[in-house]
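Colleague: The structure follows.
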Amino acid sequence: MGRLTLTKLQKMKRQGEKITMLTAYDASFAALLEAAGVEVLLVGDSLGMVIQGQESTLSVTMDDMVYHCRNVSRGSQCTFMLADMPFMSYATPNQAMDNAARLMREGGAQMVKLEGGRLLGEIVEHLTARGIPVCAHLGLLPQSVHRIGGYRVQGREEISARRIQEDAMILQEAGADMLILECVPARLGSKITDALKIPVISCGAGPYCDGQVLVLYDMLGISPGKSPSFSRNFLEGTSNIPNAIQAYVSAVKKNEFPLLELSY
Ligand code: KIV
């Protein structure tokens, strides 16, 4: 049996079945996540913070990403594997193509993720036209933390909400096959999910998206520092890590996570 496909994830959206995604950085956790039934493993550049102890994701390199992708790939056989393109690895179409090819060829990723809005349209077109599936990432963009001035909720005002919604449509038109929406009001998450054909995954974007993603170490309560308020410690109330991951999968599937009242 091969890995889960994009076609299956698209079908889950159409059928209203919630998609479960968690970050993974190594083979042991990848195997546990797969055994618990998580559909998508995201090798996120959040590894800069939770694995490397950096203050932001900006110092993560392509070599770091390839290394962690390989580990996750070796630890899993069936889950869909999505990998982050790190900061400044997709500044031009050709640079993006070469680096995305590394994540797929050397790392085993099935899709790459890019942070940013309409300005990335040309790059998304360049990649998808060459057979590289792309996941867009809108809302809070951690790679732009110094521009935004901190990790804060995006799209609260009408004008910024409209811009995020337009960006989502533009990136879908450019060929993006999935979208992660980070830290936006639940109302905006719902609107964008209804408007798009592609699966929309919430990371603090409320309960109405097609699926949910959390940073693994946040949902186990072991990230250094404060976890985001929309996250939940699933280890609390369960006796071990496999049970905590199982509890996350079950809560997402049954629409019991996230709660609307704890969303933005
Ligand atoms: O790097 C990461 O873990 C991410 C998630 C927060 C969506 O991009």
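Colleague: Take the residues of region 200-244 that are among the hydrophobic types (A, V, I, L, M, F, W, C) and part of a loop (DSSP other than H, G, I, E, B): which is nearest to the chain's Cα centre (by Cα)?
Modeller: Ranking the qualifying residues of region 200-244, first place goes to Val215.
Colleague: Among the listed residues Arg187, Arg147, Arg152, which satisfies the condition of being modelled with pLDDT under 95 and in a helix (DSSP H, G or I)?
Modeller: Exactly one residue qualifies, and that residue is Arg147.
Colleague: Still on this structure, please answer the following. Considering only region 126-144, state which residues are part of a loop (DSSP other than H, G, I, E, B) and touching a residue at least 40 places away in the same chain (Cβ under 8 Å).
Modeller: Pro133, Leu140, Leu141
Colleague: Test Gln95 against the criterion of being free of Cβ contacts under 8 Å to residues at least 24 places away in the same chain and away from the ligand (no atom under 13 Å from the Cβ), and give yes or no.
Modeller: Answer is yes for this residue.
Colleague: What pairs come out if I take residues in region 23-51 that are closer than 13 Å to Leu82 by Cβ and pair them with residues that are within 11 Å of the ligand (Cβ to nearest atom) and of a type in the set (Lys, Arg) whose C-beta lies under 9 Å away, six or more apart or interchain?
Modeller: Going by the 9 Å Cβ cut-off, the qualifying pairs are Leu42/Lys113; Gly44/Lys113; Asp45/Lys113.
Colleague: Sticking with this structure for a sec: Under 9 Å between Cβ atoms, at least 6 apart or on separate chains: pull out the pairs that start in region 152-165 with a residue that is surrounded by 10 or more Cβ atoms within 10 Å (Cβ to Cβ) and end on any residue that is hydroxyl-bearing (Ser, Thr, Tyr).
Modeller: These pairs meet every condition: Val153/Tyr264; Gln154/Ser160; Gly155/Tyr264; Arg156/Tyr264.
Colleague: Then there is this: Can you tell me which residue in region 245-264 is farthest from Leu47 (Cα to Cα), limited to those that are outside any helix (DSSP H, G or I) and polar (S, T, N, Q)?
Modeller: Out of the qualifying residues, it is Asn255.
Colleague: Among the residues of region 102-114, is there at least one that is touching a residue at least 60 places away in the same chain (Cβ under 8 Å) and either within 12 Å of the ligand (Cβ to nearest atom) or hydroxyl-bearing (Ser, Thr, Tyr) (or both)?
Modeller: Looking through region 102-114, at least one residue is touching a residue at least 60 places away in the same chain (Cβ under 8 Å) and either within 12 Å of the ligand (Cβ to nearest atom) or hydroxyl-bearing (Ser, Thr, Tyr) (or both).
The values are calculated or read from the model by the stated rules, or taken from the named source; none is laboratory data. Owing to the predicted nature of the structure, the values given are computational and were not obtained by experimental measurement. Counting neighbours? That spans all protein chains shown, and the Cβs are built from the backbone with ideal geometry, glycine included.
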